[in-house]
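The values are calculated or read from the model by the stated rules, or taken from the named source; none is laboratory data. Since the structure is predicted, the reported quantities are computational estimates derived from the model, not experimental observations. As a convention, Cβ positions derive from the backbone with ideal geometry for all residues, glycine included, and neighbour counts pool all protein chains shown. For accessibility, only protein heavy atoms count, side chains too; no ligands or nucleic acids. Shrake-Rupley method; radii C 1.70, N 1.55, O 1.52, S 1.80 Å.
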Amino acid sequence: MKGFLRRLRGIIGTGLIWAVGWAGLYCVSVLLKLAFGVEIPWDLLPLLWQGSLHVGVEGFVAGSVFGVLLSVLERHTKLEDLSFRRIAVWGGIGGLAFAVTLGPAYLQPVIFFTLMGVGSATGAVALAKRGSEPKLIEGDDEPLPALEGE
């Protein structure tokens, strides 16, 4: 049971991280449109709030699907052994999971969310791999010689 709860925590955590990231990217894109003179309605704050919430939910679903795929299909693989190609595939499927519900009339969002999933997955695993690199432990290196005059 402990392993299941740990996996569930990881899946929900991945979903929340993707939700915050996708909502943040949405806000940045709206603000960039405003900065470059694209016509945006006067009620910008509700637009940002509603759009961020919508995109955040999509990011949560996509991140959770990615987390499930990763925890089930790669459960016996160490972080160092994960290939970016496979991670990109799982992330693309995660991004595709929510976008498929829109139907074939919305091909552009489907492609966009699939690419967002690929980027989010590879970025997250790259950061995780970077964070898992061994750090220097006190006493591993020879001490520096004392400076003259001390």
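Annotations for the structure displayed:
Residue-wise test of (1) more than 24 Å from Ile111 (Cα to Cα); (2) open to solvent by 80 Å² or more (accessible area, probe 1.4 Å).
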position: Met1; (1), (2): yes, yes
position: Thr14; (1), (2): no, no
position: Leu32; (1), (2): no, yes
position: Asp43; (1), (2): yes, yes
position: Leu48; (1), (2): no, no
position: Val55; (1), (2): no, no
position: Phe84; (1), (2): no, yes
position: Ala88; (1), (2): no, no
position: Ile93; (1), (2): no, no
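- Inter-residue pairs, beta-carbon under 6 Å, first closer than 14 Å to Gly123 by Cα and in the range 63-82, second open to solvent by 50 Å² or more (accessible area, probe 1.4 Å), 6+ apart: Leu79/Ser132
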